[in-house]
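Read through the structure below, which is laid out as structure tokens, and then see the notes.
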Amino acid sequence: MVSLLSRGVGVIAKSLVGLSCSQAARCSSLPSALSAVQCTTARWFSKNPVLYDFPTADPPKEPPKRPVSSFFRFTRQQRPQLIRQYPEASMIELAKIIGNEWRALSEAERQVYIDAARVDILKYREIYKQYKESLDPLDEEVLKEKRKQTKQRRKKRRQKRESKLLGRPKRSRNAFNIFLAENYNEAEGNTLSVKMRHLVHQWENMTSSKKQVYLQLAEDDQVRYQNELKAWEEQMIEIGREDLVRTKIRKRLLKERFVSAEGESGKKENKKSSELAEGRTRGPKMHEE
């Protein structure tokens, strides 16, 4: 009887744990079968369950990095020495010094860095060729999508910098930010964290009537931002920088311009046709003798 019961529990344990627990598959006695069932229930009902190790495809390896140019090789060599020589100089000032030193090199001195960069680029091409041959079609699709996302992020960062240089208006502030700007200097505390904690507590306990003042200021600032942004986007379209304008607004502004231009051309055509019709009705002028 005990043997039959142990066999039955062993079969149940094998069916339950066959996917994850290999030890339960070898259960042949009652104690081992019970321990296997206990292991499985712990996996199912514990607060921190152990995930099954299903086979997954390994992500494609990163492509080899392109070697630096001859100038950047020279920069890497000279920067540590210049930092020790000019400890108070900024990165921009150091870059100017390095650029002047690079231009002051003779052809022979500069050729050393050019030759080293050429050797590295030849090695890189060979390694990159081997890397491309090791990829399967799925890896190539994954890398293609990754490059596309990287390109889009770079484009957004470049557009953000260009928008700032071209005078894009600053975003509107919410009510709490306006409150912070007006009361930060008078807030209690010597550090940023202490001041912020005090200001947050003051904002949360503020009466609705006092808070309404900042809410109204935030609404006014939102109206200001929308008006300035609309004027700025119209200006960007005029100078040919539609790429910096929001997609929805760009389509609407271009449509409005097209409709207005079409209306102007229609008015000119109607005026011209009316003048021709009037000329045909009056007939040729008779010259008095």
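The values are calculated or read from the model by the stated rules, or taken from the named source; none is laboratory data. Nothing here was measured: the structure is a model prediction, and the numbers come from that model. Cβ atoms come from the backbone with ideal geometry, glycine included; neighbour counts cover every protein chain shown. The protein model used for the area step is the full one, side chains on, heavy atoms only, and it has no ligands, DNA or RNA in it. Shrake-Rupley method; radii C 1.70, N 1.55, O 1.52, S 1.80 Å.
May I ask you to give the solvent-accessible area per residue for the stretch 137-207, in square angstrom, as obtained with a 1.4 angstrom probe?
84 Å²
Separation of the alpha carbons by more than 24 angstrom is noted, of 164/210; 164/195; 155/230; 211/248; 160/230; 170/230, for 164/210; 164/195; 211/248. When every alpha-carbon pair in the stretch 171-247 is counted, what percent end up more than 22 Å apart? Above the 22 Å cut-off, the stretch 171-247 has 45 percent of its Cα pairs.
Against the criterion of solvent-accessible heavy-atom surface with a 1.4 angstrom probe, 101, 109 sort, most first, into 109, 101. The phi torsions of the stretch 245-260, fed into the Karplus equation with coefficients 6.51, -1.76 and 1.60 and a -60° offset, translate into couplings of 8, 4, 4, 5, 5, 4, 4, 5, 5, 5, 5, 4, 5, 5, 5, 5 Hz, rounded to whole numbers, with Gly and Pro shown as x.
Here the spin labels are modelled as points 7 Å beyond Cα on the Cα-Cβ line, and at residue 196 and residue 154 they lie 3.3 nm apart. A cut-off of 5 Å between modelled amide H atoms, ignoring neighbours fewer than 5 places along the same chain, links residue 168 with no other residue. For the set 223, 68, the ranking by accessible area, highest first and with no ligand, DNA or RNA atoms included, is 223, 68 under a 1.4 Å probe. Heads up, I need the accessible area for residue 207: 1.4 angstrom probe, whole protein in place, Å², nearest 10. For residue 207, solvent-accessible area is about 70 Å².
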